[in-house]
Amino acid sequence: MKKSKNTHQTRVLWRGIATLALGLGLTACASPGGHPKDPLEPLNRATFKFNEQADRFVIRPAAEVYDYAPLPVKTVVGNFFGNLGDIWIGVNNLLQGKVAEALSDGGRFLVNSTVGLLGAFDVATEMGLEKHDEDLGQTLGVWGVGEGPYLVLPILGSSNFRDTLGLVGDIYADPVIQHKEVATRNSATGLRLVHKRSVLLGADTTAEQAALDKYEYLRSFYMQYRLNQVYDGNPPRPKDPDDEEARRDDPAAPVVASAPQNLATKEDQE
């Protein structure tokens, strides 16, 4: 039985890799135009429309019903799943070289799993142990892996090729998805999805009111959001080609006198 499960997981992994390879092939054949980081825009928009319909008729109604639950109940649900997530968050912080943050994540899990009654109560935050948000996609970004083309995943929404690859690892490290009991696993996964969607109730209305094209709005938001996550809120400043042209055309620039300062600035940008 165990061997059969391992074989199934291996097949799922290879399917994910094959999907990525197919996407890369489609990217290479994609016609130019549109957003430079979204060469698969027609396919992404089709998936986006599917997600919008699934959310409209299934996910959002379930989240709206769940939102009627008492606040303490929703808080306990969020704390429980957040506590489970601290394990993998700590691993990713360690892989990124952030040892202090990783130790803090481990401390959060130990405190909330014991004093916090299996994560029902977030005692660790009250003790000053900050909650972090890290995943394998961010770790790959810290390691220098490029984000690749923008990609919209069914149900899961905005992503890119790097984050999709990282998602495979996140899934294998997810104690909820890897739970052996099928009924418990499916119920917990569904509850977590509905809880996360309930937190975003109202945000989707803001997105629809803020932009003429919701797809472009969410694409731009995701790209900026993930860039900030990879660089912990301090992303590198993008180079301005107009400024470079101005410096190149300025004959009076004191090159020798300002060389050390310019060099330091370049290193800071890199």
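Taken together, the values in this text are just the output of simple stated rules run on the coordinates, not laboratory data. None of these values were measured; they are calculated from a predicted model. All Cβ positions, even for glycine, are placed from backbone atoms using ideal geometry, and neighbour counts span all protein chains on display.
Rounded, prolate or oblate: which fits region 116-237 when a ≥ b ≥ c are the square roots of the eigenvalues of the alpha-carbon gyration tensor, with rounded for a/c under 1.5 and prolate only if a/b beats b/c?
rounded
Rounded, prolate or oblate: which fits region 129-186 when a ≥ b ≥ c are the square roots of the eigenvalues of the alpha-carbon gyration tensor, with rounded for a/c under 1.5 and prolate only if a/b beats b/c?
Oblate.
Quick one: check the C-alpha center-to-center distance for region 125-154 versus region 181-214, whole angstrom.
19
Could you go through region 125-132 in sequence order and give the Karplus-derived ³J(HN,Hα) for each residue, using 6.51 cos²θ - 1.76 cosθ + 1.60 with θ = phi - 60°, rounded to whole Hz, and x for Gly and Pro?
Going residue by residue, I get 5, 5, 8, x, 8, 5, 7, 10 Hz, with x marking Gly and Pro.
Take the alpha carbon gyration tensor of region 53-181, find the square roots of its eigenvalues, order them as a ≥ b ≥ c, and report rounded if a/c is under 1.5; if not, report prolate when a/b exceeds b/c, else oblate.
oblate
How much net charge surrounds ASN79 when only other residues with a Cβ under 13 Å from its Cβ are counted (Lys, Arg +1; Asp, Glu -1)?
Around ASN79, the charge tally is +1.
Ordered by residue, what ³J(HN,Hα) values in Hz, to whole numbers, does region 63-78 give under the Karplus form 6.51 cos²θ - 1.76 cosθ + 1.60, where θ = phi - 60° and Gly and Pro are x?
Taking θ as phi minus 60°, the curve returns 5, 5, 5, 4, 5, 6, 5, x, 4, x, 5, 5, 5, 5, 4, x Hz for region 63-78.
Whole-Hz Karplus ³J(HN,Hα) for region 153-169, in order, using 6.51 cos²θ - 1.76 cosθ + 1.60 and θ = phi - 60°, x for Gly and Pro?
Going residue by residue, I get 8, x, 6, 6, x, 4, 7, 8, 5, 5, 5, 5, 5, x, 4, 4, x Hz, with x marking Gly and Pro.
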